[in-house]
1. Let me see the pair-distance distribution of the stretch 1-153: every alpha carbon pair, 5 Å bin width, integer percents in order.
2. If amide H atoms are built 1.01 Å from N in the plane of the peptide, which residues on other chains or at least 5 residues away come under 5 Å of the amide H of residue 56?
3. Over the chain, give the accessible area per residue in Å² for a 1.4 Å probe, as an integer.
4. Pick from 27, 225, 131: which is most flexible by mean-square fluctuation in a GNM of the chain where alpha carbon atoms under 10 Å apart are linked?
5. Rounded to whole Å, give me the distance from the Cα center of the stretch 39-84 to that of the stretch 96-124.
6. Please identify the trypsin sites (Lys or Arg not before Pro) of the stretch 192-238 that satisfy two criteria: DSSP loop assignment and at most 11 other Cβ atoms within 10 Å. Which are they?
7. Between residue 156 and residue 14, what FRET efficiency comes out of the Förster formula 1/(1 + (r/R0)^6) with R0 = 45 Å and r the beta carbon distance, rounded to 0.05?
8. How large is ³J(HN,Hα) for each residue in the stretch 6-11, as worked out from phi by the Karplus curve 6.51 cos²θ - 1.76 cosθ + 1.60 (θ = phi - 60°), to whole Hz, x for Gly and Pro?
Amino acid sequence: MDAKYTDYANKVIQGEIIASVYVKLACERFLNWFNNPELEFRPEKVDKVVNFLSKLKHYQGKSNGQPFILTDWQFFIVENIFGWYYKDSSRRVIRNVYVEVGRKSGKSTLLAGISLFALLADGENGAEVDCIANTRLQARQLFEYASELSKSLDRKEKYIKRYRNQINFPLKQSKLQVLSSDASKLDGFNSSLFVEDELHAAVNSQLYDVLKSSQGMRENPLAICITSAGFDKFSFCY
């Protein structure tokens, strides 16, 4: 197997990349899983996601018009989520993801790109990708990232239909949408992936719990929370 898949983890363990104790533990787990007879790493699955993301183009600032090329830490996240499977199975191992990084590190772009992959290229018929956050404005920011990035693939909307609060992919009867922050109004969903941006601002876990409970019929359900650290000692991510 190409060393690129273990390069980041090895450099963290060896001290070449300075990292927190939690990142070191994540890298140790990643490397240890190669020795787990019940698990299987499938590099072609990782490459599929990376190749998809490279087709997306940035639309802001100095990177405007440039392809989305993953940094080392972003690649490590992608290969963790999409590379590990239970042996002789189509079931992925990772179903719940928590990422805490500093501000302005590209986390929202990464999350928007993964959301588009889940909508368009993950092989899920009737995919439902839900964007949630503590406020509808926060959720819309992530949605707008995804909407703008999708123009890299289909600016004329021949296959991808963009609306104010929803992106549709009729070929697979799939949709990406923004949901209200009111958990009491979120019954009846069937989320294949839901993403929660800026978890540190969440007042409780109701949004997460409701969407997680909606995923029971999915073979490879995925929940991703990505956030910067917060200042409230009584909330998540302090």
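The values are calculated or read from the model by the stated rules, or taken from the named source; none is laboratory data. Computed from a prediction, not measured in an experiment: that's the story for all the values here. When we count neighbours, we look across all protein chains shown, and the Cβ atoms used for this are built from the backbone with ideal geometry, even at glycine. For accessibility, only protein heavy atoms count, side chains too; no ligands or nucleic acids. Shrake-Rupley method; radii C 1.70, N 1.55, O 1.52, S 1.80 Å.
1. The percentages, shortest bin first, are 2, 8, 17, 21, 20, 16, 11, 5, 1, 0.
2. Under 5 Å from the amide H of residue 56: 68.
3. Details: 12580 Å² over 238 residues.
Heavy-atom SASA per residue in the chain reads 53 Å².
4. 27
5. 9
6. Sparse-neighbourhood loop trypsin sites (Lys or Arg not before Pro): 233.
7. With R0 = 45 Å, the Cβ-Cβ based efficiency is 0.40.
8. Calculated HN-Hα couplings, in order: 10, 4, 4, 4, 5, 5 Hz.
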